1. For region 81-106, give me the residue count where each residue is of a type in the set (Lys, Arg) and surrounded by fewer than 19 Cβ atoms within 10 Å (Cβ to Cβ).
2. Give me the pairs, please: first residue somewhere in region 97-125 and touching a residue at least 60 places away in the same chain (Cβ under 8 Å), second residue anywhere and open to solvent by 10 Å² or more (accessible area, probe 1.4 Å) and of a type outside the set (Val, Ile, Thr), beta-carbon distance under 6 Å, and either six or more positions apart or on two chains.
3. Quick test for you: out of Gln109, Gln123, pick the one residue that is open to solvent by less than 50 Å² (accessible area, probe 1.4 Å), at pLDDT 95 or above and under 19 Å from Gln80 (Cα atoms).
4. Quick check on my filter: what residues within region 133-150 are within 19 Å of Pro92 (Cα to Cα) and crowded, with 21+ Cβ neighbours inside 10 Å?
5. Output the residues belonging to region 154-198 that are open to solvent by 50 Å² or more (accessible area, probe 1.4 Å) and among the basic types (Lys, Arg).
6. Filter region 52-80 down to residues that are out of contact with any Lys or Arg (no Cβ under 6 Å at 6 or more places or on another chain) and buried (at least 21 other Cβ atoms within 10 Å of the Cβ), then give me how many there are.
7. Determine which single condition Ile164 fails, assuming it passes every other condition in (1) closer than 21 Å to Leu205 by Cα; (2) more than 14 Å from the chain's Cα centre (by Cα); (3) modelled with pLDDT of 95 or more.
8. Applying the selection to region 53-93, what residues are charged (D, E, K, R) and part of a helix (DSSP H, G or I)?
Amino acid sequence: MANSRFSCRQIWVNMYGYFAGLCRHLQKYWCATVKGFFVKKKEKQISSAESCFHKEKIVVLRQVLMNESLPIEKRAQAAQKIGLLAFTGGPPAGKFAAEYMKEVAHLLQDEEVAPKIKILLLQSVACWCYLNPVSQKRAQSLQFIPILVHFFEGRFESTIKSEINSYLLLKLWTCYVLSVMTCNNLSYVKELKEHRALKYHLQMLSAENWSGWTDNFAKVLYFLIGFHRT
């Protein structure tokens, strides 16, 4: 009996340590790559006046995002900046930015949009959802999970190496965004488990070259979902 209690306790300790490590990896990658990619100056604590400033900038960027006469890359760049403002502006800015994420979801579903443009949109979603349960819940209601999972399931028939690499990079970013959404969010875990082919896709992507990333986020997502136990 004592050995059984010790074994259960050891398993719990190991599991806790593993998931704590995953969260540290996500945070490390955010600080080293995503945040560094977007933010050039040190962030300051957001006051109420600064929060209003964030909202004003989001409104301006929203006009660019929603303007269908503009080039799609410019619209995607606006979405990327909205996501950043949603993160740096705190929960109020995140809630305000949520109003425009429906358009981001729509653009991600457009088959004519190039992978490099969709990566900008994914970066927007990653910023918006990072450590924000409210944004994560809203993203789930906007059906972001099936939209993103579709990137793993879609067929890409180009034989041009640069295009193949761009499409692969899109999948790697999708792994990262889903990892951000899924960490400490059981509702995402439950929904992702329903996508039976996802386990196979993550196994294949985990074998890809993840150099330049702080972790193999296909593996991270694989373990967050709990596929290693099935």
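1. 2
2. Gln123/Gln80
3. Gln123
4. If the condition is that a residue be within 19 Å of Pro92 (Cα to Cα) and crowded, with 21+ Cβ neighbours inside 10 Å, then Ser135, Gln136, Ala139 are the ones that fit.
5. Arg155, Lys161, Lys190, Lys193, Arg196
6. Total satisfying the criteria: 7.
7. (3)
8. Scanning region 53-93 gives Lys55, Glu56, Lys57, Arg62, Glu73, Lys74, Arg75, Lys81.
The values are calculated or read from the model by the stated rules, or taken from the named source; none is laboratory data. For clarity, every value in this text was computed on a predicted model and none was experimentally measured. All Cβ positions, glycine included, derive from the backbone under ideal geometry; neighbour counts span all protein chains shown. Areas reflect the complete protein model, heavy atoms only, side chains present, ligands, DNA and RNA absent. Shrake-Rupley method; radii C 1.70, N 1.55, O 1.52, S 1.80 Å.
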